[in-house]
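The values are calculated or read from the model by the stated rules, or taken from the named source; none is laboratory data. These numbers come from a predicted model, not from an experiment. Here the Cβ is made from the backbone with ideal geometry for all residues, glycine too, and neighbour counts use every protein chain on show.
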Amino acid sequence: MLPLLTVAAMFSLSQPSTDGPKVGQPAPAFAAKDQSGKTVQLADYKGKSSVVLYFYPKDDTPGCTAQACSLRDGHGALLAAGAVVLGVSADDEKSHKAFAQKYELPFPILADPDKTIISAYGVKMPLIGIAKRVTFLIDKQGVIRHIVSEVNTKAHDKQVLELLKGM
């Protein structure tokens, strides 16, 4: 059996930080390069689309691949619901490009190697600094409407779609 402190420390790594934005607050602005080298800004979507902003730890790992492929497979339904999908991890553009090509991901994946966006959204893992698996649903006005911290990697598209229907 693990010591209580170890279990508590492990639990804290999987929980969203209390330092990040909350439901009902404006989403922090950002600009970052995607896998194609194009700069993407949250402001690009204001007044036009809801944004599914999903953070994940690492390209081409089992859970992150399952999550990305779920969002890929449900991409048409998410677009039809008026939302765009943006992924974010601390990996660089080159890694994102290979990941997106390998799995035919139809949405931008933003490179955040300096962890500016990850920190602004309060999803940085304390000890290792990469992103926790958390998704923010942002409405057309730029306000956070839902935060998903219990991500079902294999059915994340369905999780998100259900929440979008209520926005």
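Check whether at least one residue in the stretch 123-142 is closer than 17 Å to Asp19 by Cβ, in a helix (DSSP H, G or I) and touching a strand residue (DSSP E or B) at 6+ places or on another chain (Cβ under 6 Å), and report yes or no. No, the stretch 123-142 has no match at all.
I'm checking my understanding of the structure. Among residues of the stretch 133-151 that are modelled with pLDDT of 95 or more and polar (S, T, N, Q), which one is surrounded by the most Cβ atoms within 10 Å (Cβ to Cβ)? Applying the filter and picking the extreme gives Thr135.
How many of the residues making up the stretch 82-100 are surrounded by fewer than 23 Cβ atoms within 10 Å (Cβ to Cβ), at negative phi, in contact (Cβ under 8 Å) with a residue 24 or more places away in the chain and out of contact with any Asp or Glu (no Cβ under 8 Å at 6 or more places or on another chain)?
Initial filter on the stretch 82-100 (surrounded by fewer than 23 Cβ atoms within 10 Å (Cβ to Cβ)): 82, 84, 92-95, 97-100.
If we keep only those that are at negative phi too, we end up with 84, 92-95, 97-100.
Subsequent filtering for residues that are in contact (Cβ under 8 Å) with a residue 24 or more places away in the chain retains 84, 93, 95, 97-100.
After this cut, where a residue has to be out of contact with any Asp or Glu (no Cβ under 8 Å at 6 or more places or on another chain) as well, the list is 84, 97, 100.
Within the stretch 82-100, residues that are surrounded by fewer than 23 Cβ atoms within 10 Å (Cβ to Cβ), at negative phi, in contact (Cβ under 8 Å) with a residue 24 or more places away in the chain and out of contact with any Asp or Glu (no Cβ under 8 Å at 6 or more places or on another chain) number 3.
Can you pull out every residue in the stretch 33-58 that is part of a strand (DSSP E or B) and of a type in the set (Phe, Trp, Tyr)? Within the stretch 33-58, Tyr54, Phe55 qualify. Close Cβ contacts (under 9 Å, 6 or more residues apart or on different chains) running from residues in the stretch 58-70 that are on the phi > 0 side of the Ramachandran plot to residues that are part of a helix (DSSP H, G or I) and modelled with pLDDT of 95 or more comprise Asp60/Ser95; Asp60/Ala98; Asp60/Phe99; Asp60/Lys102; Asp60/Tyr103. Applying the condition of being surrounded by 20 or more Cβ atoms within 10 Å (Cβ to Cβ) and farther than 14 Å from Phe136 by Cα to the stretch 46-66 and asking which residue is farthest from the chain's Cα centre (by Cα) yields Asp59.
Of all residues in the stretch 47-66, those that are under 13 Å from Val134 (Cα atoms) and among the hydrophobic types (A, V, I, L, M, F, W, C) total 4.
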